[in-house]
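Q: Below is a structure I'd like to ask you about.
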Amino acid sequence: MSAKWSKRIPWIAGIAYWILMIVNHRFDLWDFKVYYSAADAFIHGKPIYGQAFGLGSGFYKYSPFAVLPFIPLAILPYFIAQSLYYFFLLGLMIKAIYSWNDQMRKPNAKLAVGTSFLLTLLFFGDHLERELFLGNVNFLLLTLLFWAWKNYKAEKWKWSGFLLAVVILFKPHFVVLIPLLVFLKQWQWLKYALYFCGLLLVISLLIAAPWAGWGLLGEWLHTMQSHNMALYQSPNTLYGILNGLLQFLGYPSLKQSMILIVLVLFGGIFVGYLYKKFIPGHWPLTYAYLWVIAAVPSITHTDTEHFLFSLPIFIFWLTSYRQGEKWGWDLILIIIAFIPFTLNSPDLVGKKWSKVFDEQGGIGWANLLLMLAYLRRLHVTYRAT
């Protein structure tokens, strides 16, 4: 399929989906409404934390800085603002996913760019659709993480640090990248990331000073802590998977602290193994960086669309196969992962099976298989070179 038509298909589907949501009175973008309403409250000097915007669960949980980019949209009527954001997100998805397939593929890749692009959309279709339906920021943050990596490769340390800081201030879960930068001695990137985290947070607090002052920082920390306390209650995290496995085997559940200790121990052993397997000169920051990003939904409070962060490692796996190379056993892992990962939509399998996939940690297991397939391809690629 030509590159032109492979890009047109998702545009046509995205426009049709927008029209259908409007016709069926489902064009709500509940997550975007939280950002929009919090920005509107910020403009008018009203509280942004502890308020349910839209749905009962629609609380603003991000840093004071994260509200600033939505202020221009909050000035507009809601339908215009949400439509602009919807098409911005749709265009970003199409542009970014296509370019990532093009940039990561080997010169003699087994699949054409257009083919791997459409396969990526298929594999992550449910998560991309949910991201558009809710109007969330996950894909936007994933794009910023990718741009941060590109600026790192170009040795543009300030830009790489700035972009990573923006992501962390939106979702502090990505502080897990900080130990990676320390481990691989990326001091310039680390320095500017920490600098811009502090600078952007202070700027946002100074803007809010006339009506909220520094108390806004405490409100954010309290809200964030409340949102992330019950990690084990999310069945697709490692905590939920481990507890579910223990219950299935007839053992009592472990406390969250005990699970964390077990995961840290096994995680340390696993990282040590990888470090020996891929000696420092053969494990560029690129591949470790993408792998840690994919791990974030498995170690933090998780909703299904958060597994979009595994999209780059899937693209690497898909585009790393060369012409004439036989598919390896990692293809079996991908096929198994496809079932809960892609067929999780209630529109495809019904609410009953979609609920089973979610409550039994099916998406979490699928993400672990995807991460394993990525490591296997990484090993094969290095062995070949």
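Laboratory data are not the source of any read-out in this text; all were calculated from the coordinates shown. As the structure is a computational prediction, the values presented were derived from the model and not from experiment. For neighbour counting, all protein chains shown are included, and Cβ atoms are generated from backbone atoms with ideal geometry for every residue, glycine included.
Q: Taking neighbour Cβ counts within 10 Å as the exposure measure, how do 326, 33 sort from fewest upward?
A: Values: 326 7, 33 19.
Starting with the residue having the fewest Cβ neighbours, the order is 326, 33.
Q: As a quick test, which of the pairs 7/150; 33/355; 61/153; 46/351 have an alpha carbon distance above 27 angstrom in this structure? Walk me through the intermediate numbers first.
A: On the way: 7/150 23 Å; 33/355 25 Å; 61/153 32 Å; 46/351 39 Å.
Going by Cα-Cα distance, 61/153; 46/351 fall outside the 27 Å limit.
Q: Compute the Rg/Rh shape ratio of region 21-63: radius of gyration over Kirkwood radius, all on alpha-carbon atoms. All intermediate terms of the calculation are to be shown ahead of the outcome.
A: Details: Rg = 11.4 Å, Rh = 10.9 Å.
Rg/Rh for region 21-63 comes to 1.05.
Q: Neighbour counts of other C-beta atoms within 10 Å: give me 150, 185 arranged from fewest to most. Provide the component values of the computation, followed by the final result.
A: Numbers: 150 14, 185 10.
Result, fewest neighbours first: 185, 150.
Q: Around residue 110, which amide H atoms from residues at least 5 apart in sequence, or from another chain, sit under 5 Å from its own amide H, with H modelled in the peptide plane?
A: Those lying under 5 Å, H to H, from residue 110 are 321, 322, 323.
Q: Taking a ≥ b ≥ c as the square roots of the eigenvalues of the Cα gyration tensor of region 101-234, is the shape rounded (a/c under 1.5), prolate (a/b larger than b/c) or oblate? Before the final figure, lay out each step's value.
A: Numbers: a/c = 2.26, a/b = 1.46, b/c = 1.55.
Since a/c reaches 1.5 but b/c is at least a/b, the shape of region 101-234 is classed as oblate.
Q: A further question follows. Would you calculate the separation in nanometres between label points at residue 225 and residue 203, each defined as 7 Å from the Cα along the Cα-to-beta-carbon direction?
A: With each label point 7 Å from Cα toward Cβ, the separation is 2.8 nm.
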